[in-house]
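Read through the structure below, which is laid out as structure tokens, and then see the notes.
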Amino acid sequence: MSETLVKGGIIVTIDKQRRIIKDGAIVIKGDKIVAIGKKDEIIRKYNKVDVTIDATGKLVLPGLIDTHIHHIQTLARGIADDVDLVTWIHDRILPYEAALDNEATYLSAMLACIEMVKTGTTTGIDPGGYRMENVAKALNEIGMRGLIAWASMDTFTDDRPIPKEIYTTTEEALKANEDLIKKFHRTANDRIRTRAAIRIETNATDRLVKEIDELARRYDTGVEMHAAVAKEQVDFVKKRTGLTVVKWLDSLKVLGPHWLLIHMGWIDDEEVNIIKERDVRIAHVPGASMKGAYGSGRFGKFPELIKNGVIIGLGCDSTAANNSLDMFRAMWLAATLHKEVRYDPTLISPEEALEMATINAAKAVQWEDQIGSLEVGKKADIIIVNINKSNLLPIHDFSIVPNLVYSGDGQDVETVIIDGKIVMEKRKIITVNEEEILAKAQKAAERIVSKIGIDKKLKSKWPIE
């Protein structure tokens, strides 16, 4: 089994002590970290490794974990800008998803994976889509770690239709979830995992919620669901059930640490307490909220959730919602948005934002035993960030993490190691042909956009000659 030495960098471990090791070193054997510490001590013990990576003058961190990424929506970048959430979902995205074929789904996922790897994300948590075997294929080929799901919907209203191509009965949704779990859970050396999923509360019956939860418990996996995204969604559930979203879910006796609720921008103080009591995990997606005007900054309870010890991971959403899969941008937003809205510069420190993108993101999907920090025995998911750049210097001991979060950019990531294997080196992805995939993805996007007629509806606001 080959050994790789990463030497000379500033290692931001995010271990239990949150150690930062200057002039450190890490030894990888197979897919795991077997040693970490000061460079001189490590080299004395491991002086005959197979591969050496010099990280002198650079930061070495655990790979970033995006707790909310729609792989199949990447080809929809640009088709749903500057519209309200209902229009975004029902007029733009659902028709787009219904038009996808296997090739387009695969290329969409691969395009997402390339963007994530090139900006330091090693694990993507997908809340569910369709034709998800193609997402698994993309993850496997590029070498990423990921969690996939099937997006269940079993009810709709006439004013919010669902295309027939992706609508299912409760039984069909449950079967699709179970089939995906059986086929892909813990495959590819446990790089690929699955969860049961409900797309959004407005398209789920009580029965679906209960049986999806039962399915997840039976297979010892989790549940993902978009929830309390915007006021309109909460009002819809109140009208249907008489309860707010979290109270409705709690009334069904399903909530627990295996649940990941996504967005959660419209909850009250009582719901904060329920979330804490049930140990529910949250995915905070500030970029999508800022762009889509969901209200999670102005009306959300994220500072209160953090104060109460709720586990919160950080996500980007899709390139149709946030338009960027750069987790550095997401960290910056998490560490600045709530300060501005609450008029309090002490809220959500850069250290907390980095935790939300690493160890807390891993905890959000119960994967912290393997990923989220650099520790002996954990999977070797590592990124190396060049800090000898004008946007990051000067750097001091007290500003290592603040500079990374406030000044860093995904383009500063030079090397990415996932499961002990080098996936990107000197900013070149070495597992797939990036240029070929980009060209094919552009053509596939043009084909899908033409198929649903969006190219006839949307025009540039400025003249194009």
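Just so it is clear, none of the values below were taken in a lab; they were calculated from the coordinates. Keep in mind that what you see is a predicted model, and the values were worked out from it rather than measured. Here Cβ is always computed from backbone atoms with ideal geometry, including for glycine, and neighbour counts include all displayed protein chains.
If only Cα atoms are counted, what is the Rg of the chain, and what is its Dmax, in Å?
Here Rg and the maximum Cα pair distance are 21.5, 70 Å.
Please list 3J(HN,Hα) in residue order for segment 446-462, calculated via the Karplus relation 6.51 cos²θ - 1.76 cosθ + 1.60 where θ = phi - 60°; whole Hz, with x for glycine and proline.
Calculated HN-Hα couplings, in order: 4, 5, 5, 4, 5, 4, 9, x, 5, 5, 8, 8, 9, 10, 4, 6, 10 Hz.
What list of ³J(HN,Hα) values in whole Hz, one per residue of segment 349-365 in order, does the Karplus curve 6.51 cos²θ - 1.76 cosθ + 1.60 (θ = phi - 60°) give from phi, with Gly and Pro shown as x?
Working through the residues one at a time gives 5, x, 5, 5, 4, 5, 4, 5, 9, 9, 5, 6, 5, 5, 5, 4, 10 Hz.
To the nearest Å, what is the center-to-center distance of segment 72-87 and segment 396-465, using C-alpha atoms only?
Going from one Cα centre to the other spans 17 Å.
Just tell me the longest site-free run in the chain, where the sites are trypsin sites (Lys or Arg not before Pro) in a DSSP loop having at most 11 other beta-carbon atoms within 10 Å.
By the stated rule (loop sites, at most 11 other Cβ atoms within 10 Å), 254-425.
Sort out for me the Cα centre separation of segment 259-287 from segment 38-52, rounded to whole Å.
Computed from Cα coordinates, the inter-centre distance equals 44 Å.
Can you list residues from other chains, or at least 5 along the same chain, whose modelled amide H is less than 5 Å from the amide H of Thr187?
Ile192
What list of ³J(HN,Hα) couplings, whole Hz, do you get for segment 427-433 from phi and the Karplus terms 6.51, -1.76, 1.60, once you set θ to phi - 60° and write x for glycine and proline?
Computed from phi, the couplings for segment 427-433 are 6, 10, 6, 10, 8, 9, 8 Hz.
Starting from the Cα-Cα distance between Thr155 and Asn102, subtract it from 0.36 nm times their residue separation and give me the gain in nm to one decimal.
Difference between extended and current length: 16.5 nm.
Taking a cut-off of 19 Å between Cα atoms, list the lysines near Lys239, but don't count ones fewer than 8 places away on the same chain.
Straight-distance partners of Lys239: Lys231, Lys247.
Taking amide H atoms as placed 1.01 Å from N in the peptide plane, list the residues 5 or more away in sequence, or in a different chain, whose amide H sits under 5 Å from that of Tyr294.
none
Segment 143-207: which GluC sites (Glu not before Pro) are DSSP loop and have at most 11 other beta-carbon atoms within 10 angstrom?
none
Please list, in chain and number order, the residues 5+ apart from Glu414 or on another chain whose amide H is under 5 Å from its amide H, with Hs placed from the backbone.
Hits under the 5 Å cutoff: Ile384, Val385, Asn386.
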